[in-house]
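Everything below concerns the one structure shown next.
The values are calculated or read from the model by the stated rules, or taken from the named source; none is laboratory data. Just so we're clear, the structure is a prediction, and the values are computed from it rather than from any experiment. Every residue, glycine among them, receives a Cβ derived from its backbone with ideal geometry; neighbour counts consider all protein chains shown. Areas reflect the complete protein model, heavy atoms only, side chains present, ligands, DNA and RNA absent. Shrake-Rupley method; radii C 1.70, N 1.55, O 1.52, S 1.80 Å.
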Amino acid sequence: MSDRINVMIIDDSASVRTLLSSFIRRDPGLHLWGAANDPLEAIGLLKSGLPDVVLLDLHMPHMDGLTFLERLMARHPIPTVVLSSFTRDGSTETMRALELGAVGVLKKPHVGTEQAREEAAMLIADAVRGAAQTRVARRTRNAVPRAPGDRHTADVILPATQEEPPKSAPPLIVIGASTGGTEALSEIFTDLPADLPPIALVQHFPPGFTAAFAERLNRESQLEVFEAYDGAPLGVGQAVVAQGDRHLVLDRAFPGYRVSVRDGLFVTRHRPSCDVLFRSAAQVAGPAALGVLLTGMGDDGATGMGEMLQAGAHTLAQDQASSVVWGMPGVALKRGVAEQAVPLNRMAHAITTWARVRQAEAASNE
């Protein structure tokens, strides 16, 4: 049992605890360490030992989840994934949970169909594995491999093309992130100037949360940041955040780009997928694009980044020391598709430096 991830569930809904417990028990790499119906019961269970990962509801009797999380992080910084119903108020609370130290966020599962049940089980298992690989967890255990599952490529959303990348396109920045990405993106966006080329980013989130995240980045940044909607124009000084549970694709639209929001299958086990966004950047911007991969579990984005590099784009990945989980950027660097490893505290500078060079080149060609 020592090679399995011990998971604790805290939720006042008996049906949710039962459902989550079934997801944990069916995965051979996970072990149900305990289940509590409120934080007070959880505190009692924690006196006998510590799990590796906590799945935490926010709205519970006796003590709310945020208060419990703050106390947990102060005493026992156990990697914690928050479960949210994603009302507007819930999105604000979930953002606060991430600020307090939660490493991930998931929508409470609703399993009306067998497909929905299978997708929910996959997302829960992946979130637990991602949490177990955070820097807090890595001090005491090795990374546990991801469970097998269907892996679709970007072909199911955006077919590959044999056409040559465009010779001339406006500069474009695309960013992908997952576990630990909310705080990494916040740090980067705080230091970006207002006149950067358009930015499109994928942060792995379920539906209902990305609007609040975009609003947060918009407040913190000099850029205009908004949640993706179909047909939205994207130009200089703007950044678009992919909707949770929907893929983000970019098209050319003079003088900049246009946003396309697409339904479809999971790609590299994610929706939205960095691979989809990066492929679209390779196709519409070619050498005028910059691809950036930040902290996150798995390998989403590495294949698309390779396509960007082949199209002549410049590519960066967050370095290992500053990553919460060095999965996505690590894979990109190991495959040789990321040209440079950059510490988080230097990433905004690296992005801005690239942008200034591209903007100067574009101005000289006019």
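Key figures for this structure:
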{"read-out": "Count of residues meeting criterion [closer than 17 Å to residue 66 by Cβ, over 27 Å from the mean Cα position of the chain (by Cα) and among the aliphatic types (A, V, I, L, M)] in the range 1-43", "value": "4"}
{"read-out": "Qualifying residue in the range 235-244 (condition: within 15 Å of residue 348 (Cα to Cα) and at pLDDT 95 or above)", "value": "yes"}
{"read-out": "Identity of the residue in the range 85-98, surrounded by fewer than 23 Cβ atoms within 10 Å (Cβ to Cβ) and either without any contact (Cβ under 8 Å) to a residue 12 or more places away in the chain or polar (S, T, N, Q) (or both), that ends up farthest from residue 271 (Cα to Cα)", "value": "89"}
{"read-out": "Any hit, the range 7-20, residues being open to solvent by less than 10 Å² (accessible area, probe 1.4 Å), at negative phi and out of contact with any strand residue (DSSP E or B) (no Cβ under 6 Å at 6 or more places or on another chain)", "value": "no"}
{"read-out": "Among residues of the range 247-262, those that are part of a loop (DSSP other than H, G, I, E, B) and either modelled with pLDDT of 95 or more or aromatic (Phe, Trp, Tyr) (or both), counted", "value": "1"}
{"read-out": "Qualifying residue in the range 295-302 (condition: open to solvent by 10 Å² or more (accessible area, probe 1.4 Å), touching a Gly at 6+ places or on another chain (Cβ under 6 Å) and modelled with pLDDT under 95)", "value": "yes"}
{"read-out": "Odd one out for residue 324, checked against (1) at pLDDT below 95; (2) surrounded by fewer than 24 Cβ atoms within 10 Å (Cβ to Cβ); (3) of a type in the set (Val, Ile, Thr)", "value": "(2)"}
{"read-out": "From the options 324, 331, residue that is touching a helix residue (DSSP H, G or I) at 6+ places or on another chain (Cβ under 8 Å) and either on the phi > 0 side of the Ramachandran plot or part of a loop (DSSP other than H, G, I, E, B) (or both)", "value": "324"}
{"read-out": "Residue among 121, 102 that is closer than 18 Å to residue 212 by Cβ and not charged (D, E, K, R)", "value": "102"}
{"read-out": "Hits in the range 148-200 - residues which are polar (S, T, N, Q), open to solvent by less than 20 Å² (accessible area, probe 1.4 Å) and in contact with a Gly (Cβ under 8 Å, 6 or more places away or on another chain)", "value": "178"}
{"read-out": "Checklist (1) touching a helix residue (DSSP H, G or I) at 6+ places or on another chain (Cβ under 7 Å); (2) surrounded by fewer than 24 Cβ atoms within 10 Å (Cβ to Cβ); (3) in contact (Cβ under 8 Å) with a residue 40 or more places away in the chain; (4) not in a loop (DSSP other than H, G, I, E, B) applied to residue 265, failing item", "value": "(4)"}
{"read-out": "Matching residues in the range 327-353 - criterion: being under 16 Å from residue 199 (Cβ atoms), surrounded by fewer than 20 Cβ atoms within 10 Å (Cβ to Cβ) and touching a residue at least 60 places away in the same chain (Cβ under 8 Å)", "value": "348, 349, 352"}
{"read-out": "Residues of the range 44-56 satisfying the condition of being free of Cβ contacts under 8 Å to residues at least 24 places away in the same chain and under 16 Å from residue 71 (Cβ atoms)", "value": "44, 47"}
{"read-out": "Selection count where residues are buried (at least 17 other Cβ atoms within 10 Å of the Cβ) and in a loop (DSSP other than H, G, I, E, B), scope the range 203-235", "value": "8"}
{"read-out": "Residue that is nearest to the chain's Cα centre (by Cα), among those in the range 268-289 that are among the polar types (S, T, N, Q) and open to solvent by 10 Å² or more (accessible area, probe 1.4 Å)", "value": "268"}
{"read-out": "Count of residues meeting criterion [open to solvent by 10 Å² or more (accessible area, probe 1.4 Å), touching a residue at least 40 places away in the same chain (Cβ under 8 Å) and small (Gly, Ala, Ser)] in the range 303-321", "value": "2"}
{"read-out": "Selected residue (only one of 56, 69 is within 20 Å of residue 120 (Cα to Cα) and either surrounded by 22 or more Cβ atoms within 10 Å (Cβ to Cβ) or among the aromatic types (Phe, Trp, Tyr) (or both))", "value": "56"}
{"read-out": "Only listed residue being in contact with an Asp or Glu (Cβ under 6 Å, 6 or more places away or on another chain), under 20 Å from residue 185 (Cα atoms) and not in a loop (DSSP other than H, G, I, E, B), chosen from 303, 315", "value": "315"}
{"read-out": "So residue 36, is it aliphatic (A, V, I, L, M), touching a helix residue (DSSP H, G or I) at 6+ places or on another chain (Cβ under 6 Å) and either within 12 Å of residue 10 (Cα to Cα) or modelled with pLDDT of 95 or more (or both)", "value": "yes"}
